[in-house]
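Asker: The structure's right below; bear with me while I get my questions together.
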Amino acid sequence: MDETALWWARVRAAGPTKVQPGSRAPRGMARLIEPDASAVWLLPELPEGARPDVLDELGLPAPISDRPNETARVLAVCVRCCWADPAGPLWPGAPAPLEHAAAVFRAITLREDELSDSALTGAVRRLAASGWLLWHPATRTIRLGPRTALWNPLQLSTLRELWRSLPDPQALTVSDSPPDAQ
Amino acid sequence: MEGALDETLESVAAGAAVLRVYRQVFAVLAREAGAMIGDAESIEVDEAILEAFAEAGSEGLTIAQAVAACPRFEAREVERRFGVLRDYGALSKVVERSNELYYRAAFAPYVMLLFLRRIAAQGGQSELHQLLTLEDLGVRSPTATLEDGRASAVRLTKVFRLIANELAILAARSSVETLRENAQLLWGNRSLVPQGEEVHEFVLGRWPQLHRECAALRIAVAAYGDAIERAAGRLAVQAGTTRALGMLPVETWRTFADESDAASLAAVLDGFLFDAPSAWFTPQLLAEAVESARVVAPTRLSPPRPEADPPQPEEAVVAVDDAQELRAIAERLLGDRTQITVAELLDRAGDWASGRRVLAEVTAIHQHADLQFEVVWGDRLRVSADAPVSFVSLGVLRRTDPAGAR
């Protein structure tokens, strides 16, 4: 069987996979190097017309994921927490504790109760399952996942504006009082 | 007359020959006192005897030799079956004379025994198929006559009716377990229906006079099809909406689900491969989601006041010149005096039309904050019938002293 086809099938069935640094990348896949160079992520790079946003252009229903808006907000919050220097590249990003993300999430939704915490946890799990975040339950830290590296520079500028509009997690967690974001 | 008699005799002879073969065959199935096949062992004894005759060669066997050739069975049993077979013609003397000891066996009973054994073992579907194929060949052969066709049709009708009746009774009355056990009758023999229809068509086409028999055959074939449908429907209802899967009863599935561990339950999905979850996010989506989060938060909307409109329109409406005009009017009305009554002003004005204009001016002068004039009203009325205004309140227009109190 064709090696490339086998790798594509593996990545499709299991999501972005981690391989040894020395291996060859199959055709059409992007290689992302972990910050400590211990492993390499393989991501499929779909051509322009084959991505899920084509469904929006055609007016067809997108593949449904559970609670898309909430998950998108949590991803935005995690980008804010993990992207230390907005002028630089997004990947690999710095690991951030979950409390920072929780503080920013509470600030933007202006809702402070245990529902927002469980919503955050649920969204973090969903994102980790799809490859957008790396979640370490032992240390309760989040890192940006490999799929965030595929955003092109045009999208990154939108992301920088978003970064600037969100509150600073450090400032929020330093003050012990409930955050007053605006 | 003789021809008729010959015909009758021939047919009788033919019938007798058939009867003889049938009797030979059914010797082993004879249900008479002492000769009943009550268990499989009797069949085995018969088979052993006939096998012994096969081994014997062209001489035949005596009773004693037959008993000796079947050592597995008791001598009495062998003798008894020997007698039964002889009574029914399966065994006959080599030469018909008294005191003859040697017997020979007819081959038909043994063949039938073999056939019956095979049917008993396999349920008879293949035999039915073979029967149908044989009938088909029989009616298609060029030498087949009308009588052959009719006989074929009648036989097949009987076969289909028998199967259909049995299946219909099972489907209607029996428990589902019995039906499931006999499900072989259903699944294996579905193809009999088109075969039966073919034979029917061929017979009807070749001998149109047999339309009544063919009608009966057609009805019997259709009845068999219906019985299959009903039985299959009953089994499918029992099995639920699953795809047959051996038609296991519900409790078997539940027991499996209750008592298996996660590994064996997950093994069901072994052959399947699913895509990894892949939600799709673009920074545009993220920005929109964060924006929608901000809008949702304020629960109260401010009332729709035009706070964006400055008081500029009011300023445009208020004419700055008004004060000058009013001052000029007040000076004119007062003249050199410090005060003047409203009644005098009205009298001076003359008719009511200009009087009311004067009143309006006086009121405006009084209302205007910048001008130092005021109107003070009293309680009384001046009543005069012939004045232009009959009733006039007592009011005085006078200057106010800016330093003094009002």
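The values are calculated or read from the model by the stated rules, or taken from the named source; none is laboratory data. Model, not experiment: these values are computed from the prediction. Here the Cβ positions follow ideal geometry from the backbone for every residue, glycine too, while neighbour counts run over all protein chains shown. Side chains included, ligands, DNA and RNA excluded: accessible areas come from the protein's heavy atoms. Shrake-Rupley method; radii C 1.70, N 1.55, O 1.52, S 1.80 Å.
Asker: All but one of (1) more than 21 Å from A:Leu159 (Cα to Cα); (2) away from chain B (no Cβ under 11 Å); (3) not basic (Lys, Arg) hold for A:Gly88, so report the exception by its number.
Answerer: All conditions pass for A:Gly88, except number (1).
Asker: If I filter segment B:122-133 for residues that are out of contact with any His (no Cβ under 7 Å at 6 or more places or on another chain), in a helix (DSSP H, G or I), among the acidic types (Asp, Glu) and at pLDDT below 85, do I get at least one hit?
Answerer: Yes.
Asker: Restricting attention to segment B:333-376, report how many residues are among the small types (Gly, Ala, Ser) and not in a helix (DSSP H, G or I).
Answerer: Selection size over segment B:333-376: 3.
Asker: Give A:Ala96, A:Ala84, A:Ala76, A:Ala72 a once-over and let me know the one that is small (Gly, Ala, Ser), farther than 22 Å from B:Trp280 by Cβ and surrounded by 13 or more Cβ atoms within 10 Å (Cβ to Cβ).
Answerer: Checking each option against the conditions leaves just A:Ala96.
Asker: Does A:Ala101 satisfy being surrounded by 14 or more Cβ atoms within 10 Å (Cβ to Cβ), without any contact (Cβ under 8 Å) to a residue 12 or more places away in the chain and part of a helix (DSSP H, G or I)?
Answerer: Judged against the criteria, A:Ala101 is not a match.
Asker: Could you list, in sequence order, the residues of segment B:221-258 that are open to solvent by 70 Å² or more (accessible area, probe 1.4 Å), under 30 Å from B:Glu201 (Cα atoms) and modelled with pLDDT of 85 or more?
Answerer: Within segment B:221-258, just B:Asp226 meets the criteria.
Asker: Same structure again: Does B:Ala215 qualify as being surrounded by 10 or more Cβ atoms within 10 Å (Cβ to Cβ), modelled with pLDDT of 90 or more and among the hydrophobic types (A, V, I, L, M, F, W, C)?
Answerer: yes
Asker: Look at segment A:113-136 and say how many of its residues are within 10 Å of chain B (Cβ to nearest Cβ) and among the hydroxyl-bearing types (Ser, Thr, Tyr).
Answerer: Residues that pass the stated criteria total 1.
Asker: Checking A:Thr17 against (1) closer than 30 Å to A:Ser118 by Cα; (2) away from chain B (no Cβ under 12 Å), which test does it fail?
Answerer: Checking A:Thr17 against (1) closer than 30 Å to A:Ser118 by Cα; (2) away from chain B (no Cβ under 12 Å), the one that fails is (2).
Asker: Hey, another quick one. Can you tell me which residues in segment A:1-17 are open to solvent by 80 Å² or more (accessible area, probe 1.4 Å) and free of Cβ contacts under 8 Å to residues at least 24 places away in the same chain?
Answerer: A:Met1, A:Asp2, A:Glu3, A:Arg10 - these are the residues of segment A:1-17 that are open to solvent by 80 Å² or more (accessible area, probe 1.4 Å) and free of Cβ contacts under 8 Å to residues at least 24 places away in the same chain.
Asker: Of the numbered conditions (1) facing another protein chain (nearest Cβ under 9 Å); (2) more than 24 Å from A:Pro153 (Cβ to Cβ); (3) free of Cβ contacts under 8 Å to residues at least 12 places away in the same chain, A:Asp66 fails exactly one; give the number of that condition.
Answerer: (3)
Asker: Kindly check whether there is at least one residue in segment A:50-63 that is under 23 Å from A:Ala119 (Cα atoms), within 12 Å of chain B (Cβ to nearest Cβ), assigned to a loop (DSSP other than H, G, I, E, B) and open to solvent by 70 Å² or more (accessible area, probe 1.4 Å).
Answerer: yes
Asker: I need the full set of residues from segment B:259-288 which are among the aliphatic types (A, V, I, L, M), facing another protein chain (nearest Cβ under 7 Å) and open to solvent by less than 60 Å² (accessible area, probe 1.4 Å), in order please.
Answerer: B:Ala276, B:Ala279, B:Leu286, B:Ala287
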